Structures are given as structure tokens and as C-alpha cells.
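Remarks on the structure that follows.
The values are calculated or read from the model by the stated rules, or taken from the named source; none is laboratory data. Just so you know, these numbers come straight off a predicted model, no measurement behind them. Glycine also receives a Cβ, built like all others from the backbone with ideal geometry; neighbour counts cover every protein chain displayed.
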Amino acid sequence: MVGSLIEHRNLIVALTVREVLGRYRGSVLGLFWSVFQPILMLAVYTFVFGLIFRSRWPGGSGSRSEFALVLFSGLLVFNMFAECLNRAPTIILSNTNYVKRVVFPLEVLPCVTVAVALFHLFVSFIVWLVFYLIAIGIPSPTVLLFPIALIPLIFFSLGIAWFFSALGVFVRDTAQITGLVTTVLMFMTPIFYPAEAIPVRFRAIAGLNPLVPIIEQVRRVLMWHNGIALGAYLPVLVASLVVLWIGYSWFEKTRKGFADVL
């Protein structure tokens, strides 16, 4: 798996650039849409939760801007995962011309999806950072740990993308299922509320959600000026590596049947 990714790294970069540029080609604003969307959403969250609901994050300073920033930091994680999960079932189906080519490394297609999602996450993070500078001030140096906090998310998303891209070839209902899962997961993940707000009797179930510890780590380094909690970080990292290996193994075992189904 690692050897294949290293060998085809230039192809992954080229396809990622083509995918990003192609998504906005022909539009008036072009690539600016990738910046405008997170700006608009951050403004909406600030208005709705700060001015209408007057929400405050427990344990924080109580400012409206802080609530919007905490909420948006959770969405950074969730949106990347949701993009990978929702696009995964159609990755192979929308690139059937590559399936017929024996020499084309199909395993790079899910990597491109994850890379594009990472690009959108990076743009959203820049928006978050600018808003933080305006509303609060200079962030803590722990912000530099943000890429490290994202490593389990990247591994987990790539494993999920490999798994569901292969499953979507054989089970066409996969795209509808992942759409429903994403909607449910958005409200079951502590994005709009802290993890401590989950009732005690449901916390064991909520703990099965792999996004919860990742979001908590991201908020630690971005908002609460703390370092990474290794006791919670390392188990999630190991679990994400297991998902990565399972997803790649499933993809490799089923890819021989892609051409027969398509």
C-alpha cells in the first residue's frame, strides 16, 4: 500500500489538481467558490447560534464569536469525512474508463478524493484562522499541532474511501446509505454541542463514533490552547490504521471483479 502511494504520488497530485480545477471550471467565481462557501457558512453559524439562539460554549469565555469558532472547528473534521464518505461509492462508477485499462492504478482514485477533501479543509481552516485573528486575536502556538491532530482523520477517511468505493461497484444502494449515515452522524457527533453534554447512559454508544476523539483533539489545539492528549490520541491513531488496512485490503481483493460488473 505504502509503496503504491509513493510510486504514484505524482499521478495523485496531478489528478487532485485536475479535480479541484475541474469542479469550478466554467463558473463565474471559479476557485473562489471554495473560499466563499466556508466564509458564508461561518457567517451563518455566527448569526444563528450567536444572535438568535444566543448559544455559549460551556467552559469558554461566553462570547458569540467563540461559539462559532468552536462549532466551525468541529465542522472542519466532519466536513472532510462527510465529503470522502459521500463521494466514495461513486468513485469507480464515475471512472469506468480507467477500469478497462489494466495498467491504471485504480487505488489512487480514492486517494484523490481524500486529497481534494483535504484541500477544502485547508481552505476552511484559513477562513477559521482569519476569523479567529479578527474576533479574538493571535492564536496559541498549539495551532501548529493541527496537522498532527488530523493524521487519524486522514487515515480513517482513506480507509473508508477505499472500502466504500469498492462496495459501491457491487451494491449500487451504497450511495443512498452513506447519504443517510452522514445526515445522522452529523447530529450524533458533538459538533453543535460539547461531548460532555451527552447523557451518561449514552456515552458508551457515542464513544463508538471515531470522529468524537478526533474533534476533541482538534478543539484542544485550536481553541483550548492545549497539546495533544496522547492517552486518547494513540488508540484512535491505531484504530485508524486498522481501518486503513482493512479498506485497502478489501479494495485489492474486489478490484478484479470491477470490470465484470461494470
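Among the residues of segment 64-81, are any under 25 Å from Phe258 (Cβ atoms), at pLDDT 95 or above, surrounded by 15 or more Cβ atoms within 10 Å (Cβ to Cβ) and not polar (S, T, N, Q)?
Checked against the condition, which is being under 25 Å from Phe258 (Cβ atoms), at pLDDT 95 or above, surrounded by 15 or more Cβ atoms within 10 Å (Cβ to Cβ) and not polar (S, T, N, Q), segment 64-81 yields at least one hit.
If I go through segment 16-56 residue by residue, how many of them are touching a Leu at 6+ places or on another chain (Cβ under 8 Å) and more than 24 Å from Leu109 (Cβ to Cβ)?
Final tally of qualifying residues: 4.
Given the options Thr183, Thr142, Thr178, name the one that is in contact (Cβ under 8 Å) with a residue 60 or more places away in the chain, surrounded by fewer than 20 Cβ atoms within 10 Å (Cβ to Cβ), in a helix (DSSP H, G or I) and among the hydroxyl-bearing types (Ser, Thr, Tyr).
Matching residue, one of Thr183, Thr142, Thr178: Thr142.
Only one of these conditions is not met by Pro105: (1) within 21 Å of Pro89 (Cα to Cα); (2) assigned to a helix (DSSP H, G or I). Which number is it?
It fails just one condition, (2).
Do we find that Ala232 is surrounded by 13 or more Cβ atoms within 10 Å (Cβ to Cβ), at pLDDT 95 or above and among the aliphatic types (A, V, I, L, M) in this structure?
Against the criterion (surrounded by 13 or more Cβ atoms within 10 Å (Cβ to Cβ), at pLDDT 95 or above and among the aliphatic types (A, V, I, L, M)), Ala232 does not qualify.
Filter segment 82-106 down to residues that are basic (Lys, Arg) and surrounded by fewer than 15 Cβ atoms within 10 Å (Cβ to Cβ) and give me whichever is nearest to Met1 (Cα to Cα).
So the residue we want is Arg101.
Which pairs do you get when a residue that is part of a helix (DSSP H, G or I), found in segment 198-209, comes within reach of a residue that is β-branched (Val, Ile, Thr), reach meaning Cβ atoms under 6 angstrom, with the pair 6+ apart or on two chains?
As it stands, the answer is Ala206/Ile198, since those pairs meet every condition given.
Among the residues of segment 190-209, is any within 21 Å of the chain's Cα centre (by Cα), surrounded by 15 or more Cβ atoms within 10 Å (Cβ to Cβ) and of a type in the set (S, T, N, Q)?
yes
Restricting the search to segment 211-262, which residues are outside any helix (DSSP H, G or I) and either among the aliphatic types (A, V, I, L, M) or closer than 17 Å to Ala88 by Cβ (or both)?
Met223, Ile228, Ala229, Leu262
Please enumerate the residues belonging to segment 93-105 that are of a type outside the set (Ser, Thr, Tyr) and over 16 Å from Arg9 (Cβ atoms).
Leu93, Asn95, Asn97, Val99, Lys100, Arg101, Val102, Val103
Do any helices (runs of 4 or more DSSP H) lying entirely in segment 1-45 carry at least 3 residues that are touching a residue at least 12 places away in the same chain (Cβ under 8 Å) and surrounded by 14 or more Cβ atoms within 10 Å (Cβ to Cβ), and which ones are they?
Qualifying helices (runs of 4 or more DSSP H): 9-24, 33-45.
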